[in-house]
Amino acid sequence: MQNRLAFTMSNLTSQTQSIEAARSRIQDTDFAADAADLAKNQILAQSATAMLAQASAIPQNILSLITA
């Protein structure tokens, strides 16, 4: 009877460790995906800002071409 309890206890401990490891991998994956999304959104925001800066400079560039 004691061997059976020890086996069951060992089995449950092993299952608990496996579940904790799986949960940790899922959380790490979620963090990595969120970090990638953040980087992508920062790049998009920076490129949008650069495009707006270039677009706002166009009228001034045209004016300087005309007056030169």
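Within the option set Ala48, Ala55, being without any contact (Cβ under 8 Å) to a residue 40 or more places away in the chain, surrounded by 10 or more Cβ atoms within 10 Å (Cβ to Cβ) and among the hydrophobic types (A, V, I, L, M, F, W, C) holds for one residue only, Ala48.
When the test is whether a residue is assigned to a helix (DSSP H, G or I), over 13 Å from the mean Cα position of the chain (by Cα) and modelled with pLDDT of 90 or more, Ala48 passes it. The residues on offer are Arg4, Arg23, and the sole one that is exposed (fewer than 10 other Cβ atoms within 10 Å of the Cβ) and basic (Lys, Arg) is Arg4. When the test is whether a residue is at pLDDT below 90 and either in a helix (DSSP H, G or I) or out of contact with any Phe, Trp or Tyr (no Cβ under 6 Å at 6 or more places or on another chain) (or both), Thr13 does not pass it.
The values are calculated or read from the model by the stated rules, or taken from the named source; none is laboratory data. Note that the structure is a prediction, hence the values are computed from the model and not measured. For neighbour counting, all protein chains shown are included, and Cβ atoms are generated from backbone atoms with ideal geometry for every residue, glycine included.
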